[in-house]
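Input: a single structure, listed below in structure tokens.
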Amino acid sequence: MTAPPSSDDRNLPYDLVGVGIGPFNLSLAALADSVPGFRTLFLDARPAFSWHPGLLMEGTTLQVPFLADLVTMADPTSPWSYLNYLRAHERMFKFFFSERFHIPRREYDHYCRWVAERLPSCRFDARVTSLEWDEGADAFAVVHRSAAGAETRVLARQVVLGVGTAPVVPEPLRPLLAGDRTGRVLHSADYRTHRARLAAAEDVTVIGSGQSGAEVALDLLRHQDGEGRGGPHVRWFARTTAFAPMEYSKIGLEHFTPDYIRYFRALPEVTRERLVREQWQLYKGVSEETLGEIYDELYERTIGGGEPRATLQPGVELVAARAEGDGYLLTCRTQQQDTLFEVRTCAVVSATGYTASRPQFLEPMGDLVDWDDRGRYRIDGEYRVALDPRVRGTLYVQNAEMHTHGVGAPDLTLGAWRAATILNTAAGREILPLAPRQAFTTFGAPRPPVPAGPGEVPDEAAAETPAGTPR
């Protein structure tokens, strides 16, 4: 385990400073913990680790297997694995007999907190306020401040941004959300905070076709009594043409491999943009189990001749919204019929996902980052951001690269592999070996086999990698 810095090296630049301690930077902190002499520091504004607290409802599970923890997919021998967490909490037999492959979200949050609290490199109550390049020190200067106002400046040869993503709300709802003080117009990220108030409402409209929207709709349905009379009328709208299950076939999941990332990176930008839109079911669909549970809840309401107090309507786009009396008037459009209709509702939950955003503390670096024509980072195969040549340090990002690396960017499956890629690059040597081929699927046209030299084995991995793909 990496020891905290001594008084002799406290003023030296860190080898790597991470901004934000979500699962992805926490994965990097855990993997780097075993590297002797590699000094790291990870900073987060929150008082303690917390992962999507607004959606940690009872009964919700991760959509990836437990092996997609912070470290196992890159280093299964790490002491920071989920299995070691179970052992530390004397729960190995309980987990074994439960036969779980997908663990509760609440448990994943507790596991991550267990790791974050024990890693000496993780520091909370440390809001980063400025990141700039200090030419005199030949290092990044990272300024962070505690809630009490104490300010600290540290130097870093390399910085990795893991600040997460920001909630996205449809434009018609933004004025209502900005002016709401009652918790009746909100993003699903805040659902658990206002859950009791929403469950007591007469009518709640949920907008969004993904897993979060489905889980909110299901939770509200479960607040109805057995005959569907108590609790809110639940309305679930989605722009997609159907409430579709997430792609979860074994072959389909190979889109979440390093092989697909290499293929995707080699495609023209216009093709990458189109693919991300078309592949929404790989990362925006709903688990079959959740869809089944919603159907079962609705079916229960029909016993004895009843009708469920619910409306499920795909292919609907919100085009306008305004406050009206004690509730809200929503104007919607059916996409296929191109027909407008109005809905009155008591509350609105926008389960419309998240997007990468540029952190304010990066403003001093604004002119030194080589942004693309849409204001996004240009990111290479090792997750390095393109910078002005005057900057001799390295800036990395995590979960801000869907436009360059594909749909696996926000997925926990690739978290440890990406962190290991960054760690190897930042350390300047191979700390963790990463196999070149992980998928059975060949993405793109196969290349001709590379002739082997005397005594060498032919490079089969190269033969199945499309021309021009970074390796």
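Where a number appears in this text, it was derived from the coordinates with a stated rule and is not lab data. The structure presented is a predicted model; accordingly, all values stated were derived computationally and were not measured. A quick note on method: Cβ atoms are made from the backbone with ideal geometry, for glycine too, and the neighbour counts reach across all protein chains shown.
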Ratio of Rg to Rh for the stretch 146-196, alpha carbon only, Kirkwood? 1.17
Given N residues in the stretch 232-292, what is its alpha carbon radius of gyration divided by 2.2 N^0.38 Å? 1.40
Each label point is 7 Å from the Cα along the Cα-to-Cβ direction; what then is the distance between the points at V319 and D138, in nm? 6.2
Work out, step by step, the length gained on full extension between D388 and D326: first 0.36 nm times the residue separation, then minus their alpha carbon distance; give nm to one decimal. 17.0 nm
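For the chain, how big is the tail of P(r) above 33 Å, as a whole percent of Cα pairs?
Counting pairs separated by more than 33 Å, the tail of P(r) holds 44 percent.
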In whole Å, what are the extents of the stretch 207-342 along the principal axes defined by its C-alpha atoms, from largest to smallest? 55, 34, 25
For the peptides 52-59, 132-139, what is the packing order when you average, over each peptide's residues, the other Cβ atoms within 10 Å and list the highest mean first? 52-59, 132-139
Under a crude label model (7 Å from the Cα following the beta-carbon direction), how far is D370 from T129 in nanometres? 3.3
Using eta = 1.306 mPa s and T = 10 °C, Stokes-Einstein with Kirkwood Rh from Cα pairs puts D for the stretch 121-212, in µm² s⁻¹, at 93
Can you give me the Kirkwood hydrodynamic radius for the stretch 43-163, using every pair of distinct Cα atoms, in Å to one decimal? 16.7
Between R378 and L434, Cβ-based FRET efficiency (R0 25 Å, step 0.05) works out to 0.65
Spacing of the two label points (7 Å from each Cα toward its C-beta) at H110 and Y248, in nm: 2.3
In Å³ per residue, the alpha-carbon convex hull of the stretch 261-409 encloses 196
Which FRET efficiency value, to the nearest 0.05, is calculated for E289 and R239 with the Förster distance at 22 angstrom and r the Cβ-Cβ distance? 0.45
Pop the C-beta distance of D225 and R87 into the FRET formula with R0 = 45 Å and round what comes out to the nearest 0.05. 0.60
Under 15 Å from a label point 7 Å along Cα→Cβ of A148: give me every residue in the stretch 16-48 with its amide N that close. 47
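Do me a favour and compute the ellipsoid semi-axes for the stretch 98-142 from its Cα gyration tensor, root of five times each eigenvalue, largest one first, whole Å.
37, 11, 10
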